[in-house]
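FYI, it's all coordinate maths here, none of it is from the lab. Nothing here was measured: the structure is a model prediction, and the numbers come from that model. We place every Cβ from the backbone using ideal geometry, glycine too, and count neighbours over all the protein chains shown.
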Ligand code: HH2
């Protein structure tokens, strides 16, 4: 929250990040941890995507592969079959900027050709082909930290200093993306809450966001409905709305610029109030 707002530039989109941006989640998967199976049908998924835009989200994150703990990777063809038509249709009917949540360059390439402006890569552009694609296409990019692979990442994650290690990884991936030709202004950074982290690691990372923000790029945080929030909700309440809002609010106070959420209506109201009190926007 310095005097000069940071700029985030993607294909055809530019934000001067003053107020908090809300990224709405659309999982077109049978197995995502909180909304898996709900929007697996293409027509329903397009409807939900357009609804997310109407609800006031600033961008829409479309994913066709769950990365929840224990999940298995799906082939690129299947991932594209799930999301291709959805991205095309939402892009045709709405101006909302679309990000594609994928770790596969082939899927990202097709998504960009169909209208996606941003690549949300949970592997942090570690694949040189992904960095090259982002550089050549002019897409924006989310560089996220993940320890290990979704199938095994929650087995026994250990860090000597989680904040220092995640911050160092993000700094390194930021510089290597820039070296690969991605404009610095195209990039946002994400500590990857829940990706190879215990609840204590997640809390440390939220407290450590000012250091990540100190890398000079906007910070995106995804806490929505994640399992570390379960302690204050009754068993079986997988929406975890109040804890999600509290954690998002805390992340914003710690310097997060963008929040990735499932509950768009509630979060938009929440961040508008918080931004107003903070004198942002
Ligand atoms: N979290 C999830 C997926 N993608 N991308 C970013 N940048 N940051 C996150 O925190 C993040 C993400 C996991 O949540 P969800 O999409 O709801 O579940 P699933 O991976 O099971 O589809």
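Worth pointing out:
- FRET efficiency for residue 203 and residue 4, using Cβ-Cβ distance with R0 set to 22 Å, rounded to 0.05: 0.15
- Full-stretch length increase - residue 250, residue 227 - with 0.36 nm per residue and alpha-carbon distance subtracted: 6.6 nm
- Taking 7 Å steps out from each Cα toward its Cβ at residue 42 and residue 106 produces label points 1.9 nm apart.
- Size descriptor, Kirkwood hydrodynamic radius, that averages inverse alpha-carbon separations across the range 12-161, Å: 15.7 Å
- Taking each residue as 0.36 nm, the span from residue 158 to residue 235 lengthens on full extension beyond its C-alpha to C-alpha distance by 25.0 nm.
- Taking the DSSP beta bridges with both ends in the range 19-276, the antiparallel portion is around 0 percent.
- Estimated [θ] at 222 nm from DSSP helical runs (n ≥ 4, -39500 (n - 2.57)) normalised by residues in the chain, nearest 500: -12000 deg cm²/dmol
- Gyration tensor (alpha-carbon) shape descriptor, the chain, a/c threshold 1.5: rounded
- Taken as Cα centroids, the range 140-182 and the range 225-253 sit 23 Å apart, rounded to the nearest whole angstrom.
- Label-to-label distance, nm, for residues given as residue 127 and residue 77 (7 Å Cα→Cβ offset): 1.7 nm
- Here the gap between residue 273 and residue 185, fully extended at 0.36 nm per residue and compared with their Cα-Cα distance, gives a gain of 28.9 nm.
- Separation of alpha-carbon centers, the range 66-110 and the range 42-60, rounded to whole Å: 14 Å
- Label-point separation in nm, residue 168 to residue 280, each point 7 Å along Cα→Cβ: 2.9 nm
- Over the chain, Cα pairs under 8 Å with separation of 6+ residues give a relative contact order of 20 percent.
- Across the range 162-281, the fraction of Cα-Cα pairs farther apart than 16 Å, rounded to a whole number, is 62%.
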